[in-house]
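For reference, the structure discussed in these notes is given below.
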Amino acid sequence: MSKRNFMFFIALVTALAALLFAGYGGHGINNGSTVGEIKAPKEVDNILRKACYDCHSNDTKLAWFDRLPIISIAVRKDVEEGRRHLNFSAWESLSPTARKAKLWDVYNVIRAGRMPPISYLQTHSKAIITTADRQILKTYIDGLIIKQLADSTALETTLSQYNSWIKSKAVSRRVSPNGIAHMPAYKTWQVMSATSRFDNGTIRILYANPIASQAIQNKNINPWPKGSVIVKAMWQKLEDKEGQVRPGKFINLQYMVKDKRKYSSTGGWGFARFDGPQLKPYGDVLILATECIDCHKTVEQNDFVFNLSTKQSSEKL
């Protein structure tokens, strides 16, 4: 190889190396400022930093391969999406209730093996969550929950609500702002599961309409077939000093209706909620098009349905 060709070769390799390590967007991730960061015990903080912070904080640390062309574009997109859903660097901007809900989500997706994503762990092995890590997180979250024992006021409210429901006449047809109507027949559908959330003190029963029920039996739930309807009925959880748990006042009904074409902007699902014994339609079209799917995006790989496998193991819908 002549000296001229050799110099050209060196220049070419240098240029390619510069291109590779500059990336197309990797350096474009703006870490910004950290205001109101989550304050947790050291052992919890260590887990969050190793497994969550690169995508869910303003303290993203990129590996050299995260800066490579094409890859860096995907990395930046993932980080921006991760921060939008949950940013530990802006934790104090959330209400106390929202913080508990977010921590519940964190624990659930980690417990289910959905976070960190397998694709991420393949190149970031230090982010692996161990069984011991999961127990540390659960113990921490358990410690944040203040259990309120059922008192006479709560029991009287529940009884009064029940008696009013028994005496009430049929209510007029309830329709969500996005057009989804309340379906009274849900009470005759197959029960998918009964769940309890310790973070907000609620008990839920999930019902599947005949199409959804058949899909579960056939293990055909990813994606769910058109016409599937899932209804979650939610009550306040009352617990006495012996640890006995019973339903309290009724809170709401929540609907997921599958129609890939009609609800294409929200993952193929239409969402609706009806609050209180009066089943008052919740929200507006914009809220229903964003609020629910923003949460369910964390389980996009499960067709946006939380923790329901063919074994019907569920903690949250």
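The values are calculated or read from the model by the stated rules, or taken from the named source; none is laboratory data. This is a predicted model, so every value here is computed, not measured. Methodologically, a virtual Cβ is constructed for each residue, glycine included, from the backbone with ideal geometry; neighbour enumeration extends over all protein chains shown.
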Legend entry - Residue count for the stretch 193-208, restricted to those that are over 14 Å from TRP235 (Cβ atoms) and either of a type in the set (Lys, Arg) or touching a Ser or Thr at 6+ places or on another chain (Cβ under 7 Å) (or both): 1
Inset, instruction - Go through the residues of the stretch 116-134 one by one and say whether even a single one is assigned to a helix (DSSP H, G or I), modelled with pLDDT of 80 or more and in contact with a Ser or Thr (Cβ under 6 Å, 6 or more places away or on another chain). - result: no
Legend entry - Filter result for ASN58 (at pLDDT 90 or above, within 25 Å of the chain's Cα centre (by Cα) and surrounded by fewer than 17 Cβ atoms within 10 Å (Cβ to Cβ)): no
Legend entry - Checking LYS100 against (1) basic (Lys, Arg); (2) in contact with a Leu (Cβ under 7 Å, 6 or more places away or on another chain); (3) more than 18 Å from ASP45 (Cα to Cα), the condition it does not meet: (3)
Legend entry - Selected residue (only one of GLU43, GLU81 is closer than 18 Å to VAL109 by Cβ and surrounded by fewer than 19 Cβ atoms within 10 Å (Cβ to Cβ)): GLU81
Inset, instruction - Please give the number of the condition LYS241 fails out of (1) under 25 Å from LEU288 (Cα atoms); (2) of a type in the set (Lys, Arg); (3) in contact with a Leu (Cβ under 9 Å, 6 or more places away or on another chain). - result: (1)
Legend entry - Subset of the stretch 263-317 (residues that are at pLDDT below 85 and closer than 30 Å to ASN163 by Cβ): LEU317
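Given the criterion under 23 Å from ASN178 (Cα atoms), outside the structural domain of LEU86 (by TED's automatic domain parsing), not hydrophobic (A, V, I, L, M, F, W, C) and not in a loop (DSSP other than H, G, I, E, B), identify the matching residue among ARG246, ARG261, ARG204, ARG273.
Details: ARG246 fails: under 23 Å from ASN178 (Cα atoms); ARG261 fails: not in a loop (DSSP other than H, G, I, E, B); ARG204 fails: under 23 Å from ASN178 (Cα atoms).
The unique qualifying residue is ARG273.
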Legend entry - Condition broken by LYS219, with the remaining ones in (1) of a type in the set (D, E, K, R); (2) at pLDDT 95 or above; (3) assigned to a loop (DSSP other than H, G, I, E, B) satisfied: (2)
